[in-house]
Amino acid sequence: MFESLSDRLQAVFQKLGGKGKLTEDDVREAMKQVRIALLEADVNLKVVRDFVARVTEKAIGEEVAKSLTPVQQVIKIVHQELIDLLGQANVPLAEARPGPTVIMLIGLQGSGKTTTAAKLALWLRKKGKRPLLVAADIYRPAAITQLESLGRQLGIPVHAEGTQVSPPEIARHALRRARDENLTHVIIDTAGRLQIDEPLMAELEQINAAVDPVERLLVVDAMIGQEAVRVAEEFNRRVGLTGVIFTKVDGDARGGAALSVRAVTGVPIKFLGSGEKVEASTIEPFHPDRLASRILGMGDVLSLIERAEAIYDEEQARKMQKKLVKGSFDFEDFLVSMQQMRKLGPLQQILGMIPGLDKLAREEIITEKDLKKIEAIIFSMTKEERRNPDLIKGRRKERIARGSGTQVQEVTQLVNQFRQMQRMMKRMGGKGGIDPRELMRRMR
């Protein structure tokens, strides 16, 4: 998300950086390029005008003119204005007192509401909550089946009453069940509807009146661009939105919808969703300051740390460290480490969150395809071969190559690189630590 905008903005600031002292004309020319970049990212025209006007006014002020690092001052101004545009601070989910907390998910057809409902339930459970999923889309039987299937996979209860009971009644019954079973959250998956579909919009108002949800979250496909603003305005008028969840953010390189919706409607963005898989790494709370940093190529280390903490196994990490120091780290350990890393999210997304590696992510020097190939080779080894790579010679290499759909040379290369890594880890571990930069250099 925001890749194209990020590239354009970084190019503008790089050009400014070569000028040393900035004149008013330099700033105005740069802001002209920023304006074009924002419009190409599909940001609302009024939002762009206001944003550029505010940045220009501050950037040609006395403080920037006298600064020894004027370009850094301009970047600082743009960063702060982006944060203000996106909402200044994270807005957490509201909690009902007393519970249960009712959350109603609404939006257009195909926006990803059902998958998002499951992701949100999983996220809440990881926070120690006890959610109940509610299948209130009676117009699409497949949605009920999908939600029930996701509930079984996650071990989260689903309340469904088929297609003959009205959605307001289903919501009422679900709320009663949640109270009886001492559940903390009720997540209502409503039917997709156009904002101009009067009967279905009226139905939303009826569900809202029936269970009085504390959260009315609009689920929006990030790829619909400025249409998201019109959709949000109408849904907000009818039911009073409390937040927005953007889905498929990994498929949208422009990101204009996120920059426009908050500014135009005043409704805060609460979550960003990516991918189709229902995993902890595919939904994250929205932090304006962190996203602003990503847009300007500064990375987002805090979000990466939070993801790592969610999947971190302290005992396993201690065992792994001992093996690293002894040099007994084998292919089975490597496979576990790689699978843990992939739980953090797509590789390019992880690299994009590390300061200075956003360009590396987009150049795809290391890709998901490379990781899958390594994984296939390791899966084609026997347990004995994984634990003792020295066994992998001759016919064993041929068998592994056939099993993984790779070439013998690729198997040989992986085994040789792994042996080098083992030796280097043992040597560096004995010196009191392993430098990740050295590790990456050796594995190239």
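Hey, does segment 283-292 have a residue that's crowded, with 19+ Cβ neighbours inside 10 Å, touching an Asp or Glu at 6+ places or on another chain (Cβ under 6 Å), at pLDDT 65 or above and not assigned by TED's automatic domain parsing to the domain that holds Arg386?
Within segment 283-292, one or more residues are crowded, with 19+ Cβ neighbours inside 10 Å, touching an Asp or Glu at 6+ places or on another chain (Cβ under 6 Å), at pLDDT 65 or above and not assigned by TED's automatic domain parsing to the domain that holds Arg386.
Please give the strands (runs of 3 or more DSSP E) falling wholly within segment 205-288 in which 2 or more residues are over 22 Å from Ala191 (Cα atoms).
283-285
Based on this model, can you work out whether Ala174 counts as in a helix (DSSP H, G or I), of a type outside the set (Phe, Trp, Tyr) and in contact with a His (Cβ under 7 Å, 6 or more places away or on another chain)?
Yes.
Limited to segment 156-171, what total is found for residues that are in a loop (DSSP other than H, G, I, E, B) and either of a type in the set (A, V, I, L, M, F, W, C) or outside the structural domain of Thr115 (by TED's automatic domain parsing) (or both)?
The qualifying residues number 3.
Just checking, which of Pro98, Pro92 is closer than 26 Å to Ser274 by Cβ and exposed (fewer than 14 other Cβ atoms within 10 Å of the Cβ)?
Selected residue: Pro92, the only one of Pro98, Pro92 that is closer than 26 Å to Ser274 by Cβ and exposed (fewer than 14 other Cβ atoms within 10 Å of the Cβ).
Given the conditions (1) under 23 Å from the mean Cα position of the chain (by Cα); (2) surrounded by 14 or more Cβ atoms within 10 Å (Cβ to Cβ); (3) part of a helix (DSSP H, G or I), report the number of the one that Gln153 does not fulfil.
(2)
Residue by residue, here is whether (1) in a helix (DSSP H, G or I); (2) at pLDDT 90 or above; (3) surrounded by fewer than 13 Cβ atoms within 10 Å (Cβ to Cβ) holds:
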| position | (1), (2), (3) |
| --- | --- |
| Ala376 | yes, yes, no |
| Met381 | no, yes, no |
| Glu385 | yes, yes, no |
| Asp390 | yes, no, yes |
| Met421 | yes, no, no |
| Arg427 | yes, no, yes |
| Met440 | yes, no, yes |
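List the number of the failed condition for Leu108; all other conditions in (1) without any contact (Cβ under 8 Å) to a residue 12 or more places away in the chain; (2) in a loop (DSSP other than H, G, I, E, B) hold.
Unmet condition: (1).
Has segment 390-409 got any residue that is touching a residue at least 40 places away in the same chain (Cβ under 8 Å) and within 34 Å of the chain's Cα centre (by Cα)?
Checked segment 390-409: no residue is touching a residue at least 40 places away in the same chain (Cβ under 8 Å) and within 34 Å of the chain's Cα centre (by Cα).
Pick out the one residue from Phe235, Phe246 that is touching a Leu at 6+ places or on another chain (Cβ under 6 Å) and either over 14 Å from Gly87 (Cβ atoms) or surrounded by fewer than 20 Cβ atoms within 10 Å (Cβ to Cβ) (or both).
Phe235
Please name all residue pairs, on different chains or six or more residues apart, with Cβ atoms under 6 Å, provided the first residue is in segment 38-61 and is farther than 13 Å from Gly256 by Cα and the second residue is at pLDDT below 85.
Matching pairs, first to second residue: Ala59/Val27; Ala59/Val74; Ile60/Glu24; Ile60/Val27.
The values are calculated or read from the model by the stated rules, or taken from the named source; none is laboratory data. Every value quoted in this text rests on a predicted model; they were computed, and no experiment measured them. In this analysis, Cβ positions are derived from the backbone assuming ideal geometry, glycine residues included, and neighbour counts consider all displayed protein chains.
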